[in-house]
Amino acid sequence: MYSKVLALRFPKKMVNEPIAATLVKKFDLSFNILKATIYPRKEGLMVLELSGHRKNYQEGIRYLKKIGVKVEDIGNDIKRDEEKCFHCGACTAVCPTGALYIKRPEMEVIFDKDKCSACELCVLACPAWAMEVKFNRSILY
């Protein structure tokens, strides 16, 4: 079983299409929608965890790209400014996926992008404003 958290960005012509249902029916993939937003000009963003056999996963990704959906690794949109971070650990208390955790005995906050679901709770919890999630502020199309 292969699984990855992705950001799907789609143009307004795709907003009413059953993209997730097609991934399930045609490619035997399962998904967990972590965030979904339709922007003012009707472009869409969906953050989801997509799972299935690797071959089906790859075919599903090819299908998405073919119909005009931009598929991005969620790690590209989540950043931590290492200069601002003073490793207080506040972010680790609110991180639901364990993407932010304290390495002991060093007491260093570690950020594992592969585990991140882009929930943005760390952004609100960080007193140093060291965490940044860019996809909500970017222009999609």
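The values are calculated or read from the model by the stated rules, or taken from the named source; none is laboratory data. Just so you know, these numbers come straight off a predicted model, no measurement behind them. Cβ placement follows ideal geometry from the backbone for every residue including glycine, while neighbour counts extend to all protein chains displayed.
Structural remarks
- Matching residues, the stretch 107-131, being among the acidic types (D, E) and either assigned by TED's automatic domain parsing to the domain that holds A36 or over 18 Å from the mean Cα position of the chain (by Cα) (or both): E108
- Enumeration of residues in the stretch 13-38 that are out of contact with any strand residue (DSSP E or B) (no Cβ under 8 Å at 6 or more places or on another chain) and not in a loop (DSSP other than H, G, I, E, B): K13, A21, T22, K25, K26
- For M14, the conditions (1) aliphatic (A, V, I, L, M); (2) free of Cβ contacts under 8 Å to residues at least 40 places away in the same chain; (3) surrounded by fewer than 19 Cβ atoms within 10 Å (Cβ to Cβ) are fulfilled apart from (2).
- Unmet criterion (only one of (1) assigned by TED's automatic domain parsing to the domain that holds P127; (2) hydrophobic (A, V, I, L, M, F, W, C); (3) in contact (Cβ under 8 Å) with a residue 40 or more places away in the chain) for L100: (3)
- Take the conditions (1) touching a residue at least 40 places away in the same chain (Cβ under 8 Å); (2) not in a loop (DSSP other than H, G, I, E, B); C88 misses just one of them, which is (2).
- Selection over the stretch 96-111 of residues that are under 15 Å from V5 (Cβ atoms) and hydroxyl-bearing (S, T, Y) gives a count of 1.
- Qualifying residue in the stretch 104-126 (condition: assigned to a helix (DSSP H, G or I), in contact (Cβ under 8 Å) with a residue 60 or more places away in the chain and of a type in the set (A, V, I, L, M, F, W, C)): no
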